[in-house]
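Scroll down for the structure; my scribbles are underneath it.
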Amino acid sequence: MDQSTPSADYPEAATIADFEANLAAVHANIAAAAARAGRRAEEVRLLPISKTVPAERVRLAVAAGCRHLGENKVQEAKAKAAALADLDLSWSVVGHLQTNKAKDVVAFADEFQALDSVRVAQALDRRLQAADRTLDVLVQVNTSAEPQKYGLDPDEVPEFVRGLAEYPTLRVQGLMTLAVFSADTDLVRRCFRRLRDVRERVRDMDADLLGAGELSMGMSGDYEVAIEEGSTCVRVGQAIFGARATPDSHYWPSAVGPASS
């Protein structure tokens, strides 16, 4: 499927009832996938991804039950957080961060899921100290070995995570990945298993380094497989909000993007 073309599989949610129906379907799929893996649905956190969705439609999603939302681009997230400031919401930034945007993340976000460099860790820590606050973070890992994707090589993660102890404002809670964009479920599953293996390697080194040990993996096209492989957070956008016209190349540095969120 051309990722730049809206998919009939994800019709646009235009009413509160539409959002309620989409959320119910996603939660049912989460429960089914968890059951197949011998897990409880409550072990999996659903993070709705509202990228490209106007604030007015996000309000409908909030009315349908969404309270914790995720965004890729910091500027878009910052604008929506301001536009929806009258609502009781929490925000996660799940996309690549430039160091000069660290101050914006610190100003509104409750979680950052794409930490992948010491420079970003330093920038966030400096801003967090100035604001006298902490931030939950997940370390992004490139489990598909695709050069166009951000994230650490799996072999780099243990030492990187150990070094984050120097930044006490960063509350490291786990790992995040984007699986390969492929119809081959085995290839996708391999990415998720690789992230789980990395977590276990870090835990063997020091059980405290990853906090809760979250595994943020799985998006609209592959979240059920991710749950079967141990995901504790699925980042679902199109299955809740509807297909987006903006191609993934707008959010990643190559037109060869990951499975759609």
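Laboratory data are not the source of any read-out in this text; all were calculated from the coordinates shown. What you see is a predicted model, and the numbers here were worked out from it, not measured in a lab. In this analysis, Cβ positions are derived from the backbone assuming ideal geometry, glycine residues included, and neighbour counts consider all displayed protein chains.
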Order of 227, 30 from fewest to most other C-beta atoms within 10 Å?
30, 227
Take peptides 215-223, 41-49 and line them up by average Cβ neighbours within 10 Å, highest first, as a rough protection proxy.
215-223, 41-49
How much mean residue ellipticity at 222 nm does the chain get from its helices, if each DSSP H run of length 4 or more adds -39500 (n - 2.57) and you divide by all residues, to the nearest 500 deg cm²/dmol?
-11500 deg cm²/dmol
Counting pairs of alpha carbon atoms under 8 Å apart in space and at least six apart in sequence, what relative contact order in percent does the range 114-242 give?
22 percent
HN-Hα couplings for the range 81-97 via Karplus (6.51, -1.76, 1.60; θ = phi - 60°), in whole Hz with x for Gly/Pro, come out as 4, 5, 5, 10, 5, 6, 9, 8, 10, 10, 10, 10, 9, 10, x, 4, 10
Ordered by residue, what ³J(HN,Hα) values in Hz, to whole numbers, does the range 225-233 give under the Karplus form 6.51 cos²θ - 1.76 cosθ + 1.60, where θ = phi - 60° and Gly and Pro are x?
5, 4, 5, 4, 9, x, 4, 10, 8
Roughly how compact is the range 16-241, stated as its Cα Rg over 2.2 N^0.38 Å to two decimals?
0.98
Can you tell me the FRET efficiency between residue 31 and residue 130 if r is taken as the Cβ-Cβ distance and R0 is 30 Å, rounded to the nearest 0.05?
0.10
Can you compute the modelled spin-label distance between residue 155 and residue 43, with each label point 7 Å from Cα toward Cβ, in nm?
3.1 nm
Check residue 142: other-chain or 5+ apart residues with amide H under 5 Å from its amide H, H built from backbone geometry?
152, 153
I need to check one value: relative contact order of the chain, counting alpha carbon pairs closer than 8 Å and at least 6 residues apart, in percent.
23 percent
Taking amide H positions as placed 1.01 Å from N in the peptide plane, with prolines and chain starts having none, which residues 5 or more places from residue 45, or on another chain, fall under 5 Å of its amide H?
233, 234
Grab the chain and count how many Lys pairs have their alpha-carbon atoms under 12 Å apart, sequence gap of 8 or more, or different chains.
6
The percentage of Cα-Cα pairs in the range 1-102 separated by more than 16 Å is 64 percent
Which net charge results when you count Lys and Arg as +1 and Asp and Glu as -1 among the other residues whose beta-carbon is under 15 Å from that of residue 152?
-1
